[in-house]
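So the structure is just underneath, and the comments pick up after that.
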Amino acid sequence: QVQLVESGGGLVQPGGSLRLSCAASESIFNINTMGWYRQAPGKQREFVASMSSGGSTGYADSVKGRFTISRDNAKNTVYLQMNSLKPEDTAVYYCYSQKTVRSWGQGTQVTVSS
């Protein structure tokens with residue numbers, strides 16, 4: 001099973017930016033899909049963004065135009081660039097990888113507040 005470690009979360013003001021990183025324990029070159037979910041307090045975990053090994057991307061409507069997912073196969077890392085952050089983006093963000101089974105990271109907290 002792939003081990004995933006997220007980093008880059010923190011406290012940011014509304015309108016600010018953060019970049020999350022997700023480092024994998026093995027080569028991501030052949031991992032079908034990697035992406036991000038988030039979970040706000042009292043809410044279910046929700047899809048944020050994904051990227052296939054071929055480069056196809058998908059985004060939740062709530063983040064389209066503001067968030068960008070990318071991957072660096074040489075570094076075995078997936079990124080989530082988050083711009084124009086809103087208070088409603090506050091959540092724990094989880095990275096995942098999809099091969100024959102889905103693996104999850106431990107999550108990183110993002111708080112958007114003035």
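Miscellaneous remarks
- By average C-beta atoms within 10 angstrom, highest first, the peptides 24-32, 85-93: 85-93, 24-32
- Backbone geometry of region 89-96 corresponds, through the Karplus equation with coefficients 6.51, -1.76 and 1.60 at θ = phi - 60°, to 3J(HN,Hα) couplings of 7, 4, 4, 8, 9, 10, 8, 9 Hz, x marking Gly and Pro.
- Other residues lying with their Cβ under 13 Å from the Cβ of Ser17 contribute a combined charge of +2, Lys and Arg counting +1, Asp and Glu -1.
- Within region 39-87, the proportion of Cα pairs with more than 17 Å between them is 42 percent.
- In the chain, the inverse of the mean reciprocal separation of distinct Cα atoms equals 13.9 Å; this is its Kirkwood hydrodynamic radius.
- Within the chain: Cβ-based charge dipole about Cα centre, in debye rounded to nearest 20 (Lys, Arg +1; Asp, Glu -1): 80
- Solvent-accessible area, 1.4 Å probe, carbon plus sulfur percent, for the chain: 46
- Rolling a 1.4 Å probe across the protein heavy atoms gives the chain an accessible surface of 51 Å² per residue.
- Amide H contacts under 5 Å for Gly16, placed H, 5+ residues apart: Leu85
The values are calculated or read from the model by the stated rules, or taken from the named source; none is laboratory data. The structure displayed is predicted, hence computed values, not measured ones. Cβ coordinates were reconstructed from backbone atoms using ideal geometry, including for glycine residues, and neighbour counts include every protein chain displayed. Side chains included, ligands, DNA and RNA excluded: accessible areas come from the protein's heavy atoms. Shrake-Rupley method; radii C 1.70, N 1.55, O 1.52, S 1.80 Å.
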